[in-house]
Structure formats: structure tokens, C-alpha cells
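The values are calculated or read from the model by the stated rules, or taken from the named source; none is laboratory data. What you see is a predicted model; the values in this text were computed from it and never measured. Note that we place each Cβ from the backbone using ideal geometry, even for glycine, and neighbour counts take in every protein chain shown.
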């Protein structure tokens, strides 16, 4: 059996976006954004009939969606936000966003979208992945029907998404694309060490050249993106250790980072 060559971009591993969960927050936001892009490409006849949006959460997304911000994340995606570029306080400030700004833009018309468009569906189901969500574009006739498990089969347009972990997203009918073969291929640490020795390369140089081939970015573009990720990491820590209050949710758990900073020698010069 041939080992699979590691050909994943570093930016697939180091994702930025709103928390607290890559699978429950970033993945659903990506699903909402993907749906908004697809809907805009529909023909005019379908868009003219569109009257509403329905989002159905299944499995773990349904069980813990409120606490993980899944509901707000998918709506934020429908509104045109992507995880890497959305404001860091978007989900926490969601309830304060005016209704007139909570819309999905279809190009020729705009539809309102808010928390009442979310349905927390079955925790146990037969979909191929536990974290499943279905987004439907509905006509006036669809909106007048009884809400049912199979409503999306009658929708103007429907997508079945799977948040498979780590912020990665797939959907029904997903076809995995062939990865670019990097110039220094390896599938395990033994092969990586052999590449380094045979080609007399430093580890960072080999990884950089592979990343350039995989991502299609220049060396300078890669460095800029990495610097941005480091900045976001530092800013996240800084906001965390300088913020007081109570964490979102029904438990009323007090934020502890600032107190830990105050009493810890590690943060003495931070």
C-alpha cells in the first residue's frame, strides 16, 4: 500500500476565525458563505420566487449549536462573512446587529435571515457525518407548508453540508480534488528526513518550497500571511488576558485569564 503524499497547505492547518470551535463555528460559517455564493449564481426565475431561508442543524451541531455559536456563525456566513476576515466580535455582537443588516443578498433582491430561520433538528441521524447542516432557499409555497424533515426536497435550492472537523467543509456530492504534487514529496518523517539529506535543504526551506507549489503563493505572500496569523494569535491572547466578565452561555462562568495574568510571574512583563 502506497502512503499518501502530504500535500496540505499550512494555511489549511492554521485557520483563523471566530471561536470557540473550528467544527461548530468556522465550518458552519463557511457553509453559510458557500451557500450565499451559490445562490447568487442561480437563474433569475428561481431568485424571483425566493421568499425565505431555512437552516437545519443536525447531530452535534443541533445539540451544542447555541453554546458554540453555530446558529450565529451560519447566519453570519449567509450575510457574506468569511471566518478569516470577519470582525472578531461579530458573533458576540450578533444580537445587536439591526435586522435590516441581517440579510442574504441574492443580487436582484435581499432576503431577511435571523435566528428564527434556524431549526435544531435530530441529534441522531443517518447522514454520512455527524456535524450536518442543510440550508434551503424557499418559495412562498414552501414557507406555507408544515415544517417537515423532508421540506428541503421541495425547496427552490438546497445544500447539504458536512463540517468534518478542523474547519474543513464538504457537501453532498463532494468530489475531492487531486492535490498538487510538491517538489519535495514525503508521506512520513522517514521520507522527510531523506529528502532533507538527499537535497541538502534546511527544513524551513523544504517546507517553504513545498508550500509555494501547493498554495500557488510566492515566498513573500506566504510570509505576509504567516505574519498575519501570528498577529492574530498575539492579539487574541492579549484581549483574553485583559478582559473581565462572564463567558457567554447559561452557566455564568467567570473569565479567569486576567486574574491569572495578575498572579502569574509568567505574565510579569507582558
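Screening segment 36-154 for strands (runs of 3 or more DSSP E) wholly inside it with 2 or more residues that are buried (at least 19 other Cβ atoms within 10 Å of the Cβ) and modelled with pLDDT of 90 or more returns the ranges 50-57, 132-139.
Quick grid of which residues meet (1) at pLDDT 80 or above; (2) exposed (fewer than 13 other Cβ atoms within 10 Å of the Cβ); (3) under 25 Å from the mean Cα position of the chain (by Cα); (4) not assigned by TED's automatic domain parsing to the domain that holds residue 93:
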site: 211; (1), (2), (3), (4): yes, no, yes, yes
site: 239; (1), (2), (3), (4): yes, yes, yes, yes
site: 248; (1), (2), (3), (4): no, no, yes, yes
site: 256; (1), (2), (3), (4): yes, yes, no, yes
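For every residue, the table says whether it meets (1) surrounded by 11 or more Cβ atoms within 10 Å (Cβ to Cβ); (2) part of a helix (DSSP H, G or I).
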position	(1), (2)
179	yes, no
204	no, yes
207	yes, yes
220	no, yes
